[in-house]
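Undergrad: Pasting a structure below so you can have a look.
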Amino acid sequence: MIKVAILAHPHVSLFELACAVELFALPRPEFNPWYQTDIVNFENTVITTTGGIGLMTQHTDSIEDYDLLIVPSWPTKPSQVPDLVRQQVTSFANNGKRILSFCSGAFLLAELGLLDGKRATTHWKFESTFRERFPHVDYAANVLYVFDGKIGCSAGSAAGLDLGLAVIRSDFGYQIANQVAKRLVVSAHRSGGQSQFVESPILEVPNQFSQAVEWAHANITQAIGIDDLACKANMSRRTFDRKFRSSFNLSPKEWLIHQRIERAKAILESEQVDMERLAQQAGFDTAVTMRHHFRRLIGVSPKQYQQQFAQKLE
């Protein structure tokens, strides 16, 4: 049983808090084991949030019994961090436990020095402020989230769902993460970065590009040529490549490899399969090619990944 604490505070954003609650605190009796989650505060008072909504949450003086802490948001203007928050969150991190921040929640982690020398992100609107205040943080500008296994930061409110699903996938595997995503009616895994959402020019035929990408994802096991994709998007190859990079921060070829590796991981988590068959089911031309890209992107071989995942669920 993984015990989760979601930190409520007088400045908490209702939407980010709700995203954390939906991901980790919603009862899911169909999954066993699952998270045991409390929404906690250190102030012992009713919290008034967006729209004047009052929240009664669980008062505590300590979060040492929890395994995962989520900070849904935090003020972006300089302010004094309450002593108990500073002491408890710092101690939590020093004990090697996992902490996730949604949107502006990264400001608390940075203020406490927990992100010094680490990659981190927050909403694009706060980027310049964050960079100026925390120069020792390796700011990641165009990602939906970063997560090094211990500390994770999401780029914005909805990107907190992406980060949360990544953690669920890490804890319980693709099958369960996909079911949670389905209930949320969101993608189980989004590729790309914030640039795809920041005041990008709208295409004359906006659906054809997305339809081409959706077609590639649905037919990932087939041999897919980039020229064919550009044709499906009704674009020249050069325009398609430029649009693809601005949307996903990847070349079309590299994006296809990422999607095929994700498919291979999902298969490895759900069934025993030999490497040649796995390569075919994931859309690679040979098992050698698949092993090369799997190790390059994941850091272990497909067989090692399957063994590690099986041990995690024991």
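The values are calculated or read from the model by the stated rules, or taken from the named source; none is laboratory data. Quick caveat: nothing in here was measured; it's all calculated off a predicted structure. Using ideal geometry, Cβ is built from the backbone for each residue, glycine included, and neighbour counts are taken over all protein chains shown.
Undergrad: Given the conditions (1) modelled with pLDDT of 95 or more; (2) surrounded by fewer than 17 Cβ atoms within 10 Å (Cβ to Cβ); (3) more than 27 Å from L144 (Cβ to Cβ), which single one is not true for T90?
TA: (3)
Undergrad: Looking at A18 and the list (1) assigned to a helix (DSSP H, G or I); (2) over 24 Å from G149 (Cβ atoms); (3) among the aliphatic types (A, V, I, L, M); (4) more than 23 Å from the chain's Cα centre (by Cα), which single condition is not satisfied?
TA: (4)
Undergrad: While we're here: I need the helices (runs of 4 or more DSSP H) fully contained in segment 66-171, keeping only those with at least 2 residues that are within 30 Å of F31 (Cβ to Cβ). Talk me through it step by step, then tell me what you get.
TA: Values: elements: 83-94, 106-111, 127-133.
Counting at least 2 such residues, we get 83-94, 106-111.
Undergrad: Of a type in the set (V, I, T), surrounded by 16 or more Cβ atoms within 10 Å (Cβ to Cβ) and touching a residue at least 60 places away in the same chain (Cβ under 8 Å): which single residue out of I39, I6, I63 fits that description? Steps first, answer last, please.
TA: Details: I39 fails: touching a residue at least 60 places away in the same chain (Cβ under 8 Å); I63 fails: touching a residue at least 60 places away in the same chain (Cβ under 8 Å).
Result: I6 is the single residue among I39, I6, I63 that is of a type in the set (V, I, T), surrounded by 16 or more Cβ atoms within 10 Å (Cβ to Cβ) and touching a residue at least 60 places away in the same chain (Cβ under 8 Å).
Undergrad: When segment 260-306 is examined, which residues are found to be assigned to a helix (DSSP H, G or I) and free of Cβ contacts under 8 Å to residues at least 24 places away in the same chain? Walk me through how you get there before you give the answer.
TA: The first filter runs over segment 260-306 and keeps only residues assigned to a helix (DSSP H, G or I), leaving 260-270, 275-282, 287-298, 302-306.
I267, E276, R277, A279, A287, V288, T289, R291, H292, R295, R296, Q304, listed by residue number.
Undergrad: Considering only residues that are in a loop (DSSP other than H, G, I, E, B) and either of a type in the set (D, E) or touching a residue at least 60 places away in the same chain (Cβ under 8 Å) (or both), look in segment 21-31 and name the one that is nearest to L109 (Cα to Cα).
TA: As a first pass, look at segment 21-31 and keep what is in a loop (DSSP other than H, G, I, E, B): 26-31.
Narrowing the set further to residues that are either of a type in the set (D, E) or touching a residue at least 60 places away in the same chain (Cβ under 8 Å) (or both) leaves 28, 30-31.
Working: R28: 29, E30: 34, F31: 31 Å.
Checking each candidate, the answer is R28.
Undergrad: For segment 10-17, check the following and say yes or no: at least one residue is among the small types (G, A, S) and either free of Cβ contacts under 8 Å to residues at least 60 places away in the same chain or exposed (fewer than 15 other Cβ atoms within 10 Å of the Cβ) (or both).
TA: No.
Undergrad: Sticking with this structure for a sec: Tell me which of these Q208 doesn't satisfy, since it passes every other one: (1) within 24 Å of V143 (Cβ to Cβ); (2) touching a helix residue (DSSP H, G or I) at 6+ places or on another chain (Cβ under 9 Å); (3) not aromatic (F, W, Y).
TA: Evaluating Q208 over (1) within 24 Å of V143 (Cβ to Cβ); (2) touching a helix residue (DSSP H, G or I) at 6+ places or on another chain (Cβ under 9 Å); (3) not aromatic (F, W, Y) leaves (1) as the failure.
Undergrad: Right, here's the next one. Of the residues L84, L69, which is at pLDDT 95 or above, of a type outside the set (F, W, Y) and farther than 30 Å from Q175 by Cβ? Lay out the reasoning, then the answer.
TA: On the way: L69 fails: farther than 30 Å from Q175 by Cβ.
Among L84, L69, only L84 is at pLDDT 95 or above, of a type outside the set (F, W, Y) and farther than 30 Å from Q175 by Cβ.
Undergrad: Can you name the number of the only condition in (1) modelled with pLDDT under 95; (2) more than 25 Å from the chain's Cα centre (by Cα) that E30 fails?
TA: (2)
Undergrad: Sticking with this one: Can you pull out every residue in segment 247-298 that is on the phi > 0 side of the Ramachandran plot and aliphatic (A, V, I, L, M)? Working first, answer last.
TA: Looking only at segment 247-298, we keep the residues that are on the phi > 0 side of the Ramachandran plot, and these are 249, 283.
Those that are on the phi > 0 side of the Ramachandran plot and aliphatic (A, V, I, L, M): none in segment 247-298.
Undergrad: Taking segment 32-46, which residues are closer than 16 Å to L17 by Cα and in a loop (DSSP other than H, G, I, E, B)?
TA: Passing the criteria: F42, V46.
Undergrad: All but one of (1) in contact (Cβ under 8 Å) with a residue 40 or more places away in the chain; (2) surrounded by fewer than 19 Cβ atoms within 10 Å (Cβ to Cβ); (3) β-branched (V, I, T) hold for I257; which doesn't?
TA: If we test I257 against (1) in contact (Cβ under 8 Å) with a residue 40 or more places away in the chain; (2) surrounded by fewer than 19 Cβ atoms within 10 Å (Cβ to Cβ); (3) β-branched (V, I, T), just (2) comes out false.
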